[in-house]
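Take a look at the structure set out below.
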Amino acid sequence: MIIVIFIGVGFIMSSDRVNAGTNNSSELLRLAKEEFGNLTKAEERLFKEVANGEIADYRDKKKKEDNDPKNAGKWGNERVIRSKCVEWLCTDKEALELVTHKGIQVIGMRIDGEIGLRFVKIEFPLVFVECAILNGIKLQHAEIKMLSLQGTHTGLIRADGLEVKGSILLLNVKNLGGVFLVGATIGGELSCKGGEFINRNGPALNCNSAKVSQNIHLNEGFKAEGKVDLGSATIGGQLECSGGEFINPKGTALNGDALKVTRSVLLRNGFKAKGEVNLRGADIEGQLSCIGGKFINPNGMAFIGDSVKVEESILLANGFKAEGEVRLTGATIGVQLGCKNAQFINPDGNAIIADELKVVGNVFLSEGFKAKGKVRLHSTTIGGDLICDGGQFINPKGEAIDGDSLTVGRNVFLRNGFKAEGEVYLVGAKIGGQLVCTGGQFINPNGKAINADSIIVDKHVFLFNHFEAEGKIDFVGAVIGGIFLWHKVEFPERITLDLRSANIGTLHDEPKSWPNNGKLFLNGLTYSEIYDKSPKDAKTRIEWIRRQYDPENKKDLQFRPQPYEQLAEVLKKSGNEDDAKEVLIAKNKDRLKWGPKLTFSELWWYRIFGPLIGYGHKPLRSLKYIAGCIVLGWILFGYGHRNNYIRSISNDSPKFNSIVYSIDTFVPLIDLQQAKYWLPKAKYGPELFHFKSYVIRVGSIFRLCHWMLIAFGWILTTLFVVGLTGLVKT
């Protein structure tokens, strides 16, 4: 009995719905005829289906190829309605009451005339699938539940200020004239997958200042010829442009100036832009991924990310290619900047300009990275590592890398296949870890291969193990807290190494890696120690210092005392005092050869007196000269006494002793009772020669030798004393 009742009730309810639908369609047709007069069969069908909440499908079931909207001009009247019919359904009070919550749903229809719905509030969806609305749609400041134009061909769509509770679906749309959604509010998503938007004289898709609660899809075959403008837009989900093509070669292809995205921006996997891509000042809470993307604007800026803020990573990698300048000036990146296996081509300018970029983690310009043009990192701050292993930086007419005042929290790696053609500029950079150039290639034969003036490296600098350079390696004024490793350097004859005024913790080098003479600059270099496996003997280290001097250029007064004094100080601290003294002696010798012209007083010291006592550093050296003079006097005066050329001046003279006499004559301030009792006979002996009225005899020679021995005695013993007491040292 209950079953029978349910069946009966169901039948009655079903009958009521049918009757209601029939009544609604009849009423809507009546109102439409009052409004428009005669209706076409297509229009009658539209009103009936709308009233019944059904889909009005006008497609040809037999000739499916005729259903393509590009052939809409050939469709017969059975598939054509006037745009006023749609406008009336959305605006007439009586008609609105007869439209179901399913709204207007049409497939395969051509709508002639512009659909004008400005400032209209529409409580139901508008769905036009595979239709042709070639005169366009106007929805400025309208309110609508949902808009779907999937597969439809349209003219200009004006919907500035539009409010949509749900989504706007423009999938596979072909639009001529542009779609304008300036300031629009969309409660769902904006999907333009597979759509083609053409407006070569202006914006193809303009969503400036729009607010979209969910995602924007400009992907999967999306194509725009003309500017796509998302400036100041707000996206609650992500911006997905993978596989999209944005063409505006004379201007901006994609504009996201001041764009705000809650999730990620994806310009990857087949993304292609011909023209400028601008994300200046964008705020992206996810990542900015351009993996595999192509950004082509060879005469301008291919990608602008100035002041962009990305909470996660920026990935310009794995097939990424830019022709034109890539800008990230003032950008902030929460994780990393990844540019592995990517190409940045702008040979006449900046390939990458990232001044004042801030990256919390690492920056990867490595593993297939290639830049033609300058990579500029002025005042950039990197919290982790700067990794350029295997990267190629080509800018032979200028800086290959410009890292002026760069700050890196950890390490800088320019190694393992790294190659730079042009200057690597790191002036004023600060590196919290180490600078590693192992196996790197730095080519700039007519300038500086590495310019690291005033760089600060908290740990080590490694230039070794097949490190290769052509040009000048400049570390003037550098501060290196750990080891400066110059070892196993390829082709050192091609390198000029400038370490003037640098401050190094530990010097680790080898002779076969030293540059040629005239290509090593050491004045002002200070270091705390020399590595145990590096040469420490005076002979080798003096040769190292002498590599400063260019044998073909003596006019520039190349001598500088500081390198010798610094080396001597380090050798002395390490316990090699004798080697330290040899270094200081070499300093004085090299002063003669490479220093300025000597004054008269300097000439006596550097050429005569200084060498006698090792310039004050080895006063005992004078003892051999003292001993030589005494022995010479011993022999000479012994011969003179035997041949009666030396006479006694007193009857109480002690017995003559030639060696004692020589000592007494030579050494001042002592009295051995010989020199004051015995004197050479100046006028005694055979004549040697006449000089004017003077007759020079053999005795005069002994008198002269006596005087000279006294003079040398005063000089050498005085030098010995002052040298021994340390009063004279140079």
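The values are calculated or read from the model by the stated rules, or taken from the named source; none is laboratory data. Please read these numbers as outputs of a predicted model, since none were measured by experiment. When we count neighbours, we look across all protein chains shown, and the Cβ atoms used for this are built from the backbone with ideal geometry, even at glycine.
Conditions tested, residue by residue: (1) at pLDDT 95 or above; (2) more than 19 Å from residue 306 (Cα to Cα).
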{"residue": "211", "(1), (2)": "yes, yes"}
{"residue": "235", "(1), (2)": "yes, yes"}
{"residue": "248", "(1), (2)": "yes, yes"}
{"residue": "255", "(1), (2)": "yes, no"}
{"residue": "261", "(1), (2)": "yes, no"}
{"residue": "269", "(1), (2)": "no, yes"}
{"residue": "281", "(1), (2)": "yes, no"}
{"residue": "284", "(1), (2)": "yes, no"}
Just the residues that are outside any loop (DSSP other than H, G, I, E, B), surrounded by fewer than 22 Cβ atoms within 10 Å (Cβ to Cβ) and of a type outside the set (D, E, K, R), please, taken from the stretch 223-277. 234, 247, 249, 251
Out of all the residues in the stretch 288-333, which are over 17 Å from residue 255 (Cα atoms) and surrounded by 24 or more Cβ atoms within 10 Å (Cβ to Cβ)? 314, 315, 316, 317, 320, 333
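Please find, within the stretch 566-613, the residue that is modelled with the lowest pLDDT out of those that are β-branched (Val, Ile, Thr) and either under 21 Å from residue 547 (Cα atoms) or surrounded by 18 or more Cβ atoms within 10 Å (Cβ to Cβ) (or both). Talk me through it step by step, then tell me what you get.
Filtering the stretch 566-613 for residues β-branched (Val, Ile, Thr) gives 570, 583, 585, 599, 608, 613.
Filter again for either under 21 Å from residue 547 (Cα atoms) or surrounded by 18 or more Cβ atoms within 10 Å (Cβ to Cβ) (or both), leaving 570, 583, 585, 613.
Numbers: 570: 93, 583: 84, 585: 78, 613: 58.
Once the filter is applied, the top-ranked residue is 613.
Which residues, taken from the stretch 474-530, are of a type in the set (Lys, Arg) and surrounded by fewer than 18 Cβ atoms within 10 Å (Cβ to Cβ)? Step through it out loud before you land on a result.
Pass one, the stretch 474-530, residues of a type in the set (Lys, Arg): 488, 494, 500, 512, 519.
If the condition is that a residue be of a type in the set (Lys, Arg) and surrounded by fewer than 18 Cβ atoms within 10 Å (Cβ to Cβ), then 488, 494, 512 are the ones that fit.
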Flagged in the stretch 140-158 as more than 26 Å from residue 71 (Cα to Cα) and not in a strand (DSSP E or B), in numbering order, are 140, 141, 142, 145, 146
Considering only residues that are surrounded by fewer than 20 Cβ atoms within 10 Å (Cβ to Cβ), in a strand (DSSP E or B) and small (Gly, Ala, Ser), which ones fall in the stretch 396-420? 398
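Could we say that residue 499 is hydrophobic (A, V, I, L, M, F, W, C) and in contact with a Leu (Cβ under 8 Å, 6 or more places away or on another chain) here? Even if it seems obvious, please write down each step before you answer.
Details: hydrophobic (A, V, I, L, M, F, W, C): yes; in contact with a Leu (Cβ under 8 Å, 6 or more places away or on another chain): yes.
Yes; evaluated as a whole, the condition is true for this residue.
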Just checking, does the stretch 550-561 include any residue being in contact with a Phe, Trp or Tyr (Cβ under 8 Å, 6 or more places away or on another chain), under 24 Å from residue 462 (Cα atoms) and not polar (S, T, N, Q)? no
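With a cut-off of at least 3 residues that are of a type in the set (Ser, Thr, Tyr), name the strands (runs of 3 or more DSSP E) lying wholly within the stretch 288-382. It would help to see each step written out before you state the result.
Values: elements: 294-304, 321-327, 343-353, 370-376.
Strands (runs of 3 or more DSSP E) meeting the threshold: none at all.
Residues checked against (1) at pLDDT 95 or above; (2) among the β-branched types (Val, Ile, Thr):
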site: 411; (1), (2): yes, no
site: 419; (1), (2): yes, no
site: 423; (1), (2): yes, no
site: 435; (1), (2): yes, no
site: 464; (1), (2): no, no
site: 468; (1), (2): yes, no
site: 483; (1), (2): yes, yes
site: 495; (1), (2): yes, yes
Filter the stretch 37-53 for residues that are more than 22 Å from residue 75 (Cα to Cα) and surrounded by fewer than 18 Cβ atoms within 10 Å (Cβ to Cβ); the one that is modelled with the lowest pLDDT is 37
Is one or more of the residues making up the stretch 89-107 surrounded by fewer than 21 Cβ atoms within 10 Å (Cβ to Cβ), in a strand (DSSP E or B) and free of Cβ contacts under 8 Å to residues at least 24 places away in the same chain? no
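Matching residues to (1) over 60 Å from the mean Cα position of the chain (by Cα); (2) within 30 Å of residue 165 (Cα to Cα):
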site	(1), (2)
50	yes, yes
57	no, yes
64	no, no
70	no, no
76	yes, no
85	yes, yes
93	yes, yes
98	yes, yes
Report every pair of residues separated by at least 6 positions or lying on different chains whose Cβ atoms are under 6 Å apart, first residue within the stretch 161-179 and more than 18 Å from residue 218 (Cα to Cα), second of a type in the set (A, V, I, L, M, F, W, C) and surrounded by 20 or more Cβ atoms within 10 Å (Cβ to Cβ). 162/139; 162/142; 162/184; 164/144; 164/186
Of the numbered conditions (1) touching a Lys or Arg at 6+ places or on another chain (Cβ under 8 Å); (2) surrounded by fewer than 17 Cβ atoms within 10 Å (Cβ to Cβ), residue 72 fails exactly one; give the number of that condition. (2)
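Restricting the stretch 528-555 to residues that are of a type in the set (A, V, I, L, M) and over 10 Å from residue 579 (Cβ atoms), which is nearest to the chain's Cα centre (by Cα)?
Taking the stretch 528-555 as the starting set, the residues that turn out to be of a type in the set (A, V, I, L, M) are 530, 538, 542, 545.
Checking which are over 10 Å from residue 579 (Cβ atoms) leaves us with 530, 545.
Details: 530: 32, 545: 34 Å.
Among those residues, the one meeting the criterion is 530.
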What residue, of 531, 527, 549, 564, is touching a His at 6+ places or on another chain (Cβ under 7 Å) and either without any contact (Cβ under 8 Å) to a residue 24 or more places away in the chain or among the aromatic types (Phe, Trp, Tyr) (or both)? 531
